[in-house]
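For reference, the structure is listed below as structure tokens.
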Amino acid sequence: MKSFRLYIIVNILALLPLATMAQQEAETWEQVYYELMDVDDSEASGAEDGAEDGWAETYELLETLAQEPLDLNTASREDLEQLPFLSEQQVMDFIAYRDRYGALRSMGELRMVRSMDYIQIRLLPFFTYVGEVVETTDSEKYNSWWQTDEQPARRRHWWETYSDTPHRLTATGRLPLYRRRGDNEGYLGYPYRHWLRYEYVANSRLKVGIGGAQDAGEPFFADRNSWGYDAYTYYLQVKKRGALEKLIVGKFKVSAAMGLILNNSFSLGKVAMLQSMGRTASSLRPHSSCSESDYFQGAGAILQLSKSLTLTAFASYRPVDGTLNADGSVATLLYNGYHRSETEMRKKYNTHLSSTGGSLSFRAGQFRLGANAVLTHLDRELSPDRRALFRRYYPHGRDFVNASMDYSYSNRYLTLKGETAIDSHGALATMNAVSGRLSRHVSGMLMQRFFSYRYTSLHGHSLSSGGRVQNESGVYAGATWEPTAALQLTGYADYVYMPWARYQASRSSRAYEFFLQCDYRLPRWHFQGRTKMRLRQRDDETKTTLVAYDDYRGRLSATYNYGWPTQLTLKTQLDGVHALSPGASNGLMLSQQVSVRHSRWQAWALVACFDTDDYWSRLNVYEQQLPGNFSFPMFYGEGLRLCAFASYEPSKHLRLIAKVGYTNYFDRTMIGTGLQQIDHSSMTDVEVQVRMKLSN
């Protein structure tokens, strides 16, 4: 049976076009990830959202997973569930396939897994690999706690473990070839941004890391930054030590269930949510970036109490920035991490936040039941200005308690899941979903959510249109149809009702969102068209009635891939937007990307021309980023964006990366406002990075 299966697989793969392989080699996971992002959600929803931080956290998670890929032949179900773009159905189908047919021989076998879609097949090679199958006897199956699962089963001495351990060192700097107003007067430091990160990875079971970051304008070894960098991160992680599945000391992130009470780990948008069929899982991982947005500081652990019972617990005490009221209470907690001016520096770490909590999870077959709780205390009273109607039910006080129950059930046809949470005031939040593969070519998902306008959670982040787990009721329905191997249609509809006032809407309001994407693939071509319509309401100028605040966005792209061993990728993209704000506003952007890869070097370039009426019709375009950096720049007005990226690996231990970005606006003589103002119509940034991976 296995030999027959391998014969069929080999023949099927032999018929696949060579250019399809070239496409997988030429693109990066960041490019595929960009296609799943609801980028305009983070920018167009209003200042209260902060969705960009959620995307940055997802990026950080995926970058960590890409550096430590999983062996598909040894990965457990829990290991595969770390990959946020896989659905529960896909994880189950893959495990069943491997159990039935044995170890994989190539990545091409992923096409034989029943529920694997085009996106997952494109993403998995960046985060997994097919390891060599090593047959061992029973006597060789002893593994010490520091030995990796992939190693032949031989007890290793501590000096052997240390001698082949990679030391990862990354140094990054950004040099702006312009002056901002704050660089001349207002900022405490120099205009350069730089960060340094070191990581010691003994194997998959021991990891130690430390890093420091400095934003442009922040003092270095001066003022309140006498220890050098403005922000540091550090962590020690130990995995699989008896009943201890994982222990992290230092800075870390935790997520539980569907994120209604606890999720500072990662965030999925509505397109990515459809690809993973809404799968969420509890996780504990190091906070490896120096972002100040949302993390815990202390210790967290996952304990396997029995085969079916798992406990996740943590305790944290961390400083945060806050805008203070005259009486010393906190008006707003700040997580942007900027300490460039005297005003920003006075807010640095003036408040402390203590948190403790965890999750208890019971799994029996395909059924899982969990209980979650988190308690948070601030050393200052949180007292936002609640005279504004939309802030009336914002979190306030010193102590916050949230608890929830969650459940999930999966079989080969469908998955049911949900979480219901309550806060210390008795307000409720609940989210429930059903998803499954309706036929061989169709998969679908239906999700309901209800977040009381009185419900508050300092650490809760979940799928929402308002950026908060609060003041929202909605129904989300999406489906993917793949009638042929070359054609795929993806779409969703989302209805939201907000019973209480929100930012820029002083009364209850409604919103509708519709999305449709078509992908058509030929041997060397990939054509994509997508459209998104959002119908919302907001106050008019007099704040006496609600008016339409809609936008319609579209994108057409054509990608050409060719070459071996040199991979060449050409992508032409046209973006358009028609926005009502409430006046009509239009925008267009035409961009061309070129990517070339050969052996140890890679080059990428972008040319983009944009013309929009105003800020409301702003547009974004993908840019190749330096590893560890995340941004999706938005452009409005009339202008030109040029960008070039180059990477070279002189050896397996060293990688040199550089990026140059140039933006020129045709409709203005200065860029930005306040201390960020640039008295010129153009700006140029140079970024460089050195990545070293060493062994003793």
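The values are calculated or read from the model by the stated rules, or taken from the named source; none is laboratory data. No experiment lies behind these values; they were computed from the predicted model shown. Heads up, the Cβs are rebuilt from the backbone with ideal geometry, glycines too, and the neighbour counts pull from every protein chain shown. To get the accessible areas, we keep the full protein, side chains included, count just its heavy atoms, and leave off ligands, DNA and RNA. Shrake-Rupley method; radii C 1.70, N 1.55, O 1.52, S 1.80 Å.
A compact table of results
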read-out: Equivalent-ellipsoid semi-axes of the range 284-370, from the Cα gyration tensor, Å, largest first; value: 37, 13, 10
read-out: Inter-probe distance in nm under a simple model that places probes 7 Å from Cα toward Cβ, at residue 527 and residue 438; value: 2.5 nm
read-out: Mean accessible surface per residue for the range 642-683, computed with a 1.4 Å probe while every protein chain stays in place, in Å²; value: 55 Å²
read-out: Karplus 3J(HN,Hα) series, Hz, for the range 660-672 with 6.51 cos²θ - 1.76 cosθ + 1.60 (x for Gly, Pro); value: 10, x, 9, 10, 10, 9, 8, 10, 7, 10, 8, 10, x
read-out: Cβ crowding within 10 Å averaged over residues, with 65-72, 679-686 ranked highest first; value: 65-72, 679-686
read-out: Accessible-area composition of the range 90-133, carbon plus sulfur, in percent [1.4 Å probe]; value: 50 percent
read-out: Orientation-averaged projected area, Cα convex hull of the range 471-538 (nm²); value: 5.4 nm²
read-out: Anchor residue 571: lysines whose Cα lies under 28 Å away (excluding residues fewer than 8 positions away in-chain); value: 270, 532, 659
read-out: In Hz, Karplus ³J(HN,Hα) per residue of the range 306-316 (6.51, -1.76, 1.60; θ = phi - 60°; x = Gly, Pro); value: 7, 4, 10, 10, 10, 10, 10, 9, 8, 9, 9
read-out: Accessible area (Å², per residue) of the range 327-463, counting only protein heavy atoms and a probe of 1.4 Å; value: 47 Å²
read-out: Per residue Cα convex hull volume in Å³ - calculated over the range 306-348; value: 120 Å³
read-out: Qualifying trypsin sites (Lys or Arg not before Pro) in the range 71-128, DSSP loop, other Cβ atoms within 10 Å at most 15; value: 105, 114
read-out: Accessible-area composition of the range 514-637, carbon plus sulfur, in percent [1.4 Å probe]; value: 63 percent
read-out: Accessible area per residue in Å² at 1.4 Å probe, computed on the range 560-640; value: 41 Å²
read-out: Local electrostatic count at residue 406 - Lys and Arg +1, Asp and Glu -1, tallied over other residues with Cβ under 9 Å; value: +1
read-out: For the range 209-225, Karplus couplings with θ = phi - 60° (6.51, -1.76, 1.60), whole Hz, Gly/Pro x; value: x, 8, x, x, 9, 9, 7, 4, x, 8, x, 10, 6, 7, 6, 7, 9
read-out: Separation between Cα centres of the range 462-527 and the range 388-402, rounded to whole Å; value: 28 Å
read-out: Nearby lysines by direct alpha-carbon distance to residue 652 (threshold 23 angstrom, same-chain neighbours under 8 apart not counted); value: 207, 693
